[in-house]
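Asker: This is the structure I want to talk about, given as structure tokens.
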Amino acid sequence: MSYTLFLLSIAGFFVGLPVGLFVINQRKFDEQSLKRKSEKLMADAAKESTHIINETKTQLIEKQKQFEVEQQEFAQQIDKMEQMLSVKSVSFQKREAKIAELKRALEEEEKSVQALQSMMSENDRRLNEQLLQRTGFSADRIKEHLLQDYEKEFLADAELRLQHAVECTKDNVTRDARNFLAEAMYRYAAATSVEHELKDIIVQRDEIKGRIVGRGGRNIAFFEELFGVDVIFNDEPNTIILSCFNLVQRETARFALERLMRERVISEEVIARIKPLAEQDTQKLLLKEGQAALKILGLDQKMPPDFAKLVGRLKFRTSYGQNIMSHCFEVGYFARLIAGELGANTDTAWLGGFFHDLGKAVDQETGGSHDVLSKELLEKYGFSWEITHAAWTHHNAIPQETIEARIVQAADAISAGRPGARAESLERYLTKIKDLQETALSFEGVKKAYAINAGREVRVVVEPEKVNDEANQILADGIAAKVQEKGGYPGKIKVVTIRTTKITDYAK
């Protein structure tokens, strides 16, 4: 064991000796390499510092030369400014001398003016004394008499000129108004159409009618009571006719009948079950019609669905047979055309004209005046004051404050009054006109009465000897109250009483 350890020690000595020598030699080599590198770095740094010092000196020399040049230029500018100041100082002194000379001349002129004023005052005093001595009137009184004479002469001439100007203006305004209205009506030509309260439904087989009627007519009686319509059979083959003044109810009943015709068994329970489905169909139809109208108006992306349904109801509302949706579009078109001719706001006139009868979409259910309802609905849905005012004042609910409101009123009269627009018979129209005139003539002091503007206005000429100005107002109120009491007239009727006073004198 000890021999083995001895051998291992000797072997380790011979192996470790060369390794140690190699390590010592390698360390000496590394130290020499590091020394050479450091000497090289020192030399490079010395060269770089010398180069930087030389460049810095060169830059300093250039900066110093540039500074000297700028200093010379600055000195030259200072010399020029001193010369300019010197010139301006001389000019200022001359100007001061001139101003002083002008002041002296002005003072002398003021003294001469004061002297002249004193002289004129003295002359006026002497003239007044002479006038008083010779005529007994002072200058002020003579001036007053002259002014009165000239004033009378000028007033008479001014009245004649004003009267002539008013007559010319009336003629021009009337001619222009006629031209505007004629141009608007010429540019808009729509076919006249009359909406009826009847709706035809085609039935494929007659036995379907029997199932709809039911035993003893129980089904059809329940249907008419539930939907508020009249159902007419046997007037035409394969046809059922629905009659109702409320066209929305009529459309609901039509959808319900079309659904019933697809049912195998029809009973009161089936009819009651179909009603909400038919109402949903009607609401979809109203939404479709309303969105189509709003698209034409350019509002389809701005208004909510409930407003679109409200507008869609106008499609199923009539006045004297005239479809309200068509009437609203006509009024909007006419208003926009007239506004364009007059230079008014065409957008306000267009929307105000269309929405002027919006209240008729709900007046059958809620009651009330349709123009007031139009105002409330437009305010609810955030329309501007200008559009709302133009829409709801077309029946003179309040005085019109904008030109667009007056345009909408004129457009409404054109649409409602053009031939064929409404289905009111001639006999009924003449009867209404005659009744209005007789109502006005029944009052004491009325000389003549005329119903004009399609029966929307009554003009009454009174006897001035029997009716004074105060009684004239009372008479107008009385006629309006009696017309309102009788009723039977659409919209509002304007009552105008005219009292003419003539004064005659003779020049001698």
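Rule-based calculations on the coordinates, nothing more; no lab input. As the structure is a computational prediction, the values presented were derived from the model and not from experiment. Cβ sites come from the backbone with ideal geometry, for glycine too, and all protein chains shown count toward neighbours.
Asker: Can you bin the stretch 193-286 into rounded, prolate or oblate? Criterion: square roots of the alpha carbon gyration tensor eigenvalues sorted a ≥ b ≥ c, rounded for a/c under 1.5, prolate for a/b above b/c, oblate for the rest.
Answerer: oblate
Asker: By a straight-distance test (C-alpha under 21 Å), which lysines pair with Lys448 as possible cross-link partners, with residues fewer than eight away in the same chain excluded?
Answerer: Lys432, Lys434, Lys466, Lys482, Lys486, Lys494, Lys502
Asker: List every residue whose amide H lies under 5 Å from the amide H of Lys447, counting only residues 5 or more places away in sequence or on a different chain, with H placed 1.01 Å from N in the peptide plane.
Answerer: The list, which skips near neighbours in sequence, is Val461, Val462, Glu463.
Asker: Right, something else. State, to one decimal in nm, how far the label point of Gln148 lies from the label point of Glu457, with both points 7 Å from Cα in the Cβ direction.
Answerer: For the pair Gln148/Glu457, the computed spacing is 4.5 nm.
Asker: Could I ask something else about it? Test of understanding: what is the full-extension gain from Leu160 to Glu401, defined as 0.36 nm times their sequence separation minus their Cα-Cα distance?
Answerer: Residue separation times 0.36 nm, minus the Cα-Cα distance, leaves 83.6 nm.
Asker: Let me ask you something else. With a cut-off of at most 15 other beta carbons within 10 Å, and DSSP calling the residue loop, which GluC sites (Glu not before Pro) in the stretch 216-296 qualify? Please list them.
Answerer: Glu263
Asker: What list of ³J(HN,Hα) couplings, whole Hz, do you get for the stretch 244-254 from phi and the Karplus terms 6.51, -1.76, 1.60, once you set θ to phi - 60° and write x for glycine and proline?
Answerer: Taking θ as phi minus 60°, the curve returns 6, 6, 8, 6, 5, 5, 5, 5, 4, 5, 5 Hz for the stretch 244-254.
Asker: In the neighborhood of Gln64, defined by Cβ-to-Cβ distances under 12 Å, what is the net charge if each Lys or Arg adds +1 and each Asp or Glu adds -1?
Answerer: Cβ neighbours under 12 Å give a net charge of 0.
Asker: Between the stretch 56-70 and the stretch 233-308, how far is it from one alpha carbon centroid to the other, in angstrom?
Answerer: The stretch 56-70 and the stretch 233-308 have Cα centres spaced 98 Å from each other.
Asker: Using DSSP to call loops (not H, G, I, E or B), can you name the chymotrypsin sites (Phe, Trp or Tyr not before Pro) in the stretch 229-294 whose Cβ has at most 14 other Cβ atoms within 10 angstrom?
Answerer: Sparse-neighbourhood loop chymotrypsin sites (Phe, Trp or Tyr not before Pro): Phe245.
Asker: At a 10 Å Cβ-Cβ cut-off, how would you order Leu155, Leu351, Leu377, fewest neighbours first? Write out the running numbers ahead of the final one.
Answerer: Numbers: Leu155 10, Leu351 27, Leu377 21.
Fewest-to-most ranking of Leu155, Leu351, Leu377: Leu155, Leu377, Leu351.
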